[in-house]
1. Extension gain residue 53-residue 180, at 0.36 nm per residue separation less the Cα-Cα distance, in nm?
2. In percent, how large is the relative contact order of the range 291-385, given Cα pairs closer than 8 Å and 6 or more residues apart?
3. By its C-alpha gyration tensor, with a ≥ b ≥ c as the square roots of the eigenvalues, how is the range 264-352 shaped: rounded for a/c under 1.5, else prolate for a/b larger than b/c, else oblate?
4. Given labels modelled 7 Å from the Cα in the Cβ direction, how far is it in nm from residue 258 to residue 65?
5. Out of the GluC sites (Glu not before Pro) in the range 284-365, which ones are loop residues according to DSSP with at most 10 other C-beta atoms within 10 Å?
6. Would you mind computing, in nm to one decimal, how far apart the modelled labels at residue 343 and residue 104 are, each placed 7 Å from Cα along Cα→Cβ?
7. Can you list the equivalent-ellipsoid semi-axes of the range 175-328, largest first and in whole Å, using the square root of 5 times each Cα gyration tensor eigenvalue?
8. Here are some pairs, 342/378; 135/176; 48/317; which of them have Cα atoms lying more than 25 Å apart in this structure?
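Bear in mind that the values in this text are calculations on the coordinates, not laboratory data. These figures come from a predicted structure and were not determined experimentally. Note that each Cβ is placed from the backbone with ideal geometry, even for glycine, and that neighbours are counted across all protein chains shown.
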Amino acid sequence: MSDVDEMELDEEHAAAKDVAFSSEQKGKKLSKANLPVSAGDTLPWVEKYRPDTLSDVSGHEDILTTINKFVQTNRLPHLLFYGPPGTGKTSTILALARHIYGAHNIRQQVLELNASDDRGIEVVREQIKTFASTKQIFGASTKTDGQLGSFKLIILDEADAMTSTAQNALRRIMEKYTANTRFCIIANYTHKLNAALLSRCTRFRFSPLPIDALRKRVDHVIDTEKVKITPSAVDALLQLSRGDMRRSLNVLQACYASSTPLDDEGRPDPAVEREDITETHIYDCIAAPHPEDVQIILKTLLSSDITTSLRTIIDIKTKKGLALADLLSSLSDELERLEVPKQTRILWMEGLAEVEWRVGSGGSEGIQTGALAGAVRKGVAVMKNGRLDINPFEHLIH
């Protein structure tokens, strides 16, 4: 079949191809910056309430002030955002892109790649180099103040997953096309990035969000979605999120969905009023130990013998389906609040850290549960004796 025949065939069936499936759109990825408006009602709250402007970003006011200075003076450098997940790295750069280019031009001016998938040398040589080496002629920016927005922006999310070869190729592209393109590299761990790549970027560390910043955004979502939740549940949600905005919104949406009343056929029943989300719902959703259970375990460890303490921990773990890693985290927070001698605190910190490392390395839950009880009881024994514990195997050494 000739090229002309193929062209006529495409025109003839153009009306039948109004609906395009993902398999038919090869190479055309739908990034977070290009989500359709019609998907707003079905999106997870993490994406639905992603900040649109820099003023909507919660926390990190010092970073936002510095970035605004760069934009105002038209001196935006290559950027490196790093820090724990859910602290606003991707949201900040997407809000910055909308501020520079406007919502209409962001697709032409911004290339967003997730390096967890696009991590090889081929992506750097083909997609990134092609995008960086071409210049946009029409509609470069909605701004009217000179050169602002005349450059393109390439966002590399999860860049610490890129191969070493790809990182070496990327640093040369960053140098060669600086006049036309700016790069924003987003990573969780900087030690996995090439040192030469780090030296070409201005670094900003996104620390875990403070509770006040979390509360500001969570309260906005609660008011908008009309979520019925108790104040104690909100406090528990913010505390358990540990500075992760993504986690707090995901847990809130999960609890909201579980509180939806259903009819006999399993469909949402709008006639029945939703029940309030309580502190218990939050702890059950996260599968974190309840404060009452932690207090029972702590009281037993401090006042009972090792056998009773171990039985209590195993019993609560079995009935509530708790993991030792979660129990370690909650128990360490309670032990830190106690006023004890320095020697006891050192033994507790050292013992719990050792148990956590063993659990993370694949150690047996049962054995490490006994090690946890032994570490706490050892600190209690030292506190009662008023001296450092003696090595029980010292007589065997001599």
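1. Contour length minus the Cα-Cα distance gives 43.3 nm.
2. On the way: 71 pairs, mean separation 34.6, N = 95.
36 percent.
3. Verdict is prolate for the range 264-352.
4. Distance between the two pseudo-spin positions: 4.1 nm.
5. Details: sites: 292, 334, 336, 339, 350, 354, 356, 365; in loops: 339.
Within the range 284-365, the qualifying GluC sites (Glu not before Pro) (loop, at most 10 other Cβ atoms within 10 Å) are 339.
6. Placing both labels 7 Å beyond Cα along the Cβ direction yields 7.6 nm.
7. 38, 28, 14
8. 48/317
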